[in-house]
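The values are calculated or read from the model by the stated rules, or taken from the named source; none is laboratory data. As the structure is a computational prediction, the values presented were derived from the model and not from experiment. When we count neighbours, we look across all protein chains shown, and the Cβ atoms used for this are built from the backbone with ideal geometry, even at glycine.
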Amino acid sequence: MKQLLVVGFALFMALNAGISGMINGQPTENMRQNVNPFFTPYGTPYDAPPFDRIREEHFIPAYERAMEQQVKEIAAITGSSETPAFDNTIEALERSGSLLRRVDNVFSNLKSAHTNEELQEIAKTMAPKLSRHGDDILLNRELFDRIKAVYQNRSNLELDYESQKLLEETYRQFVRGGANLSAGEKEILRQINEELSLLSLRFNDNVLKADNRFELVIEDRADLAGLPENVLAAAAETAAERGHDGKWVFTLHKPSLIPFLQYSEKRALREKMLKGYITRGDHDDAVDNKKILRRMASLRVKRANLLGYRTHADFILEKNMAKTPDRVYQLLEQLWKPALARAKTEAAELQACIGREGNDFKLEPWDWWYYAEKVKKEKYALDDEVLRPYFKLENVRDGAFAVAGRLYGITFTERDDIPVYHPDVKVFEVREADGRHIGLFYTDYYVRSSKRGGAWKSVYRKQSNMEGEAVTPLICNTCNFPRPTAGTPSLLTLENVETLFHEFGHGLHGLLSDCRYNSLSGTSVPRDFVELPSQIMENWATSPEVMRFYARHYLTGEAIPDDLIEKIQQASLFNQGFATVELLAASFLDMDWHTLTDEAERDVHQFEAASMDRIGLIPEIVVRYKSPYFRHIFSGGYSSGYYSYIWAEVLDADAFQAFKEHGLFDRDTAAAFRDNILAAGNSDDPMTLYRRFRGAEPKIDALLERRGLN
């Protein structure tokens, strides 16, 4: 974890510009518009970011002033004549950089959720500066000497658990950041970190550009055979937006891609769509990522070796629950054999379905979604189009809110007086049962071209309560769900429903945090622990009791029929071989890239093929993320960590057993989960926190049963 312990000159110019706008000593609207909003109190409810006043030109001056401010804060620590102590060194460092966090949280979220070329250029300008700033702190010898002195005296300090954890994490962060290196080695590390920061940005921007430039334009209605009306309506609207009036346009964004693969009867077009998706960043052109990721993998080996680790995975996993690459591989291999066997059985079922239709072609990856949908309908009389009318987005969201209310006694009330960065965004105030304010929860659910793919939770401000100064969290969930069309609201698939609940679980982790220190609060936990609060929420999404509440037909308001709920339960194990294999294959690929022991740059295609051949991935299934668009590991913070989804699923399957044993809404179980998991952040070792909740370490049995692999 290289956290931003880690923008000013422009303020003088901005203030000068506004002086003439003063009336009776009060700033005029002209002055308010000229003053950088990051440099003054926001003046908004709960100090929420004033998106109505923040402009692109504000970010670089704000970043620069924030870095200058933190440099002075660090100098005050290192220049102190007082003996190094927990309060004047560790807590002082924790307090530093507040303006930088404020600016960076807003910028980073905007760049992910609503980017443009100007924001992307700002990111490229600031990335090396921020990298240098962070290194200046982590490689500051005087600062590290003070931290080390406090750390070596820790047995005499009588610190509570959270303070001990802050001390340990701070010391470890500096050691892992290169504090013990020689002067020459520190300079090499700086160069590596700076180059990696820029490469990561380029990788992510290239995937976004590749996503947005692909389009399948259909003119002949015959080529739309099999596609549901709601999918056609969305494609017609996309066509109109892109200047193809009277036609239909399909894109690589999931709400367009997945229904096309599921329902299009045109096999050649399904092939074109899937190949467009799996070859993103792999076309030897301006947005090609192969050279970038090769260089990143090499630099990561070099950095790990420089810091005394055999591989990048060893460096990353040291601070995770898994601890070592061997333990990760052991888990993946334990699951791989039964998952692959299940996937082969599923492939045979789909091949048989192809034969029943009178076809003699071999099942290919672009056929899997289509024939899986057919087989599911044959076996369970169930498909996504039957379920969609019951999954109106607003109803599903309110269902998630209701689950949190029943578990934790909290409420969500929409606020229309909080500034937002896009009309799609809604803001909810979260309160305890007794009315106490908890925080604000932003939702940004619809797909758009300015948003990167996937779904995630982010923060505009983390929770903390240092020295009695309670700071409430500002949390955001961002997804890529289908947009409403002219006559239909946003209707979700079952997978979308589970994604909404999943990200909401991350949101609760941030909202219900109750930590003293910002750097330990909320989701600032080991990568393979952070998915527990999110994945456990998916269990409530498909619980019959919960579905009867939120799953209501968008036209009639009728609750979802019991026979549909029963079919969902019966079909819960369907296609689990495929789902598990493509996830595990991506986890193996991640680990293989990051257990390299030398800096040689590999041919991406050959390396990936060898990785998949080694585990025996069948040709009918494509790894969930091929290397050139694997954002999780090359631009998303999950390098050597993609396994964490399946690792955390072991935790969540075992943890949910506690609710099944005592009741899905048992308040005592919920209180234990809130206190020991959601509220605790990184204030203690994650396995210790888990044992406090569950009374024992997790077992893999519940996961094997859930996925039908036992």
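Every residue, every condition in (1) surrounded by fewer than 20 Cβ atoms within 10 Å (Cβ to Cβ); (2) part of a helix (DSSP H, G or I); (3) under 28 Å from the mean Cα position of the chain (by Cα), yes or no:
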site	(1), (2), (3)
N206	no, yes, yes
D211	no, yes, yes
A222	yes, yes, no
L232	yes, yes, no
A235	no, yes, yes
T238	no, yes, yes
G243	yes, no, no
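Tally up the residues in the range 51-63 that are closer than 27 Å to G134 by Cβ, surrounded by 14 or more Cβ atoms within 10 Å (Cβ to Cβ) and not small (G, A, S), please.
8
Does the range 616-639 contain at least one residue that is among the charged types (D, E, K, R) and over 30 Å from Y690 (Cα atoms)?
yes
Show the residue pairs meeting these rules: Cβ distance below 6 Å; 6+ apart or different chains; first residue within the range 366-387 and at positive phi; second residue assigned to a loop (DSSP other than H, G, I, E, B) and surrounded by fewer than 20 Cβ atoms within 10 Å (Cβ to Cβ).
From the range 366-387, no pairs qualify.
For the range 532-645, which helices (runs of 4 or more DSSP H) that fit wholly inside it have 3 or more residues that are crowded, with 17+ Cβ neighbours inside 10 Å and not hydrophobic (A, V, I, L, M, F, W, C)?
The qualifying helices (runs of 4 or more DSSP H) are 532-541, 576-594.
Going by the structure shown, is R146 farther than 25 Å from G178 by Cβ, in the same structural domain as R55 (by TED's automatic domain parsing) and at pLDDT 95 or above?
Against the criterion (farther than 25 Å from G178 by Cβ, in the same structural domain as R55 (by TED's automatic domain parsing) and at pLDDT 95 or above), R146 does not qualify.
Looking only at the range 374-403, how many residues end up being more than 24 Å from Y445 (Cβ to Cβ) and assigned to a helix (DSSP H, G or I)?
Number satisfying all stated conditions: 7.
What number of residues within the range 10-50 satisfy the criterion of being at pLDDT 95 or above, within 23 Å of L130 (Cβ to Cβ) and in a helix (DSSP H, G or I)?
Residues in the range 10-50 being at pLDDT 95 or above, within 23 Å of L130 (Cβ to Cβ) and in a helix (DSSP H, G or I): 3 in total.
Quick check, is D668 of a type in the set (D, E), crowded, with 23+ Cβ neighbours inside 10 Å and in a helix (DSSP H, G or I)?
The answer is no for D668.
Scan the range 590-645 for residues that are among the hydrophobic types (A, V, I, L, M, F, W, C) and more than 23 Å from E346 (Cα to Cα) and report the count.
Summing the residues that are among the hydrophobic types (A, V, I, L, M, F, W, C) and more than 23 Å from E346 (Cα to Cα) in the range 590-645 gives 10.
Among L293, L306, L252, L274, which is surrounded by fewer than 19 Cβ atoms within 10 Å (Cβ to Cβ), closer than 29 Å to H594 by Cβ and out of contact with any Cys (no Cβ under 6 Å at 6 or more places or on another chain)?
The match here is L306.
Which of the numbered conditions does N320 fail, given that it passes all the others? Conditions: (1) farther than 15 Å from T595 by Cβ; (2) outside any helix (DSSP H, G or I).
(1)
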